[in-house]
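To start, the structure under review is shown below, and the notes come after it.
The values are calculated or read from the model by the stated rules, or taken from the named source; none is laboratory data. Quantities reported herein were computed from a predicted structural model and do not represent experimental measurements. Methodologically, a virtual Cβ is constructed for each residue, glycine included, from the backbone with ideal geometry; neighbour enumeration extends over all protein chains shown. Quick note on the areas: whole protein, heavy atoms, side chains included, nothing else; ligands and nucleic acids left out. Shrake-Rupley method; radii C 1.70, N 1.55, O 1.52, S 1.80 Å.
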Amino acid sequence: MENHKPSRLNTQFDHLATYITKVTGSSGAFLTAFGVVLVWAITGPIFNYSEDWQLVINTGTTIVTFLMVFIIQKAQNKDSLAIQLKLNELIAATKGASNRLVAVEEMGDDELEVLCQHYHTMAELTRRARDLRQSHSVEEAIRDTKSKLKDEGITLPDE
């Protein structure tokens, strides 16, 4: 595995994005934005509700929205990656957990649908079980399903 060191610019942007999302997600930021809109609305009669008066708020909100999309996405990507890594660690460290779920977010839609169906099957089996505390792994659900199909005379292709 290669040693990946983020560039200084990327590190600075990461810190800036984190700071901006914390600040803009605060009550103070909301109250400031609300105050700006209130001042703009109050000044409407002073400027006779002119096109320039409307252009000020439209331009300001468009610019802020445009920039915030990228800042929020950067922060969301970082948070999502951190959560995925934490979940991967829990899966890897838990005996009996299905290791095929490590990095599941990188699977294709078809693979995710197959796993989803297995979990739906597992949930249904658990609901039918007398002991609701009993749990099943994906592998157990697959093995049980294959066994049931075999008992019904249905043959599966070799994997």
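Among residues of the stretch 52-63 that are free of Cβ contacts under 8 Å to residues at least 12 places away in the same chain and among the charged types (D, E, K, R), none has a beta-carbon under 7 Å from a residue that is assigned to a helix (DSSP H, G or I) and loosely packed, with under 13 Cβ neighbours inside 10 Å at least six positions away or on a different chain.
Candidates are the residues of the stretch 50-67 that are of a type in the set (A, V, I, L, M) and either more than 22 Å from the chain's Cα centre (by Cα) or open to solvent by less than 90 Å² (accessible area, probe 1.4 Å) (or both); the one that is nearest to Asp14 (Cα to Cα) is Val64.
Restricting Phe47, Phe30, Phe13 to residues that are assigned to a loop (DSSP other than H, G, I, E, B) and surrounded by 11 or more Cβ atoms within 10 Å (Cβ to Cβ) narrows the list to Phe47. Test Lys5 against the criterion of being within 32 Å of the chain's Cα centre (by Cα), basic (Lys, Arg) and not in a helix (DSSP H, G or I), and give yes or no. Spelling it out, Lys5 is indeed within 32 Å of the chain's Cα centre (by Cα), basic (Lys, Arg) and not in a helix (DSSP H, G or I).
Is one or more of the residues making up the stretch 68-82 more than 17 Å from the chain's Cα centre (by Cα) and among the aromatic types (Phe, Trp, Tyr)?
No, the conditions are met nowhere in the stretch 68-82.
Taken over the stretch 115-130, the criterion of being open to solvent by 40 Å² or more (accessible area, probe 1.4 Å), at pLDDT 85 or above and closer than 23 Å to Lys86 by Cβ is satisfied by Cys116 alone.
Tallying residues that are modelled with pLDDT of 90 or more and loosely packed, with under 10 Cβ neighbours inside 10 Å within the stretch 82-114 yields 3. The set of residues in the stretch 88-130 being farther than 23 Å from Ser147 by Cβ and touching a residue at least 12 places away in the same chain (Cβ under 8 Å) consists of Asn88, Val102, Ala103, Glu105.
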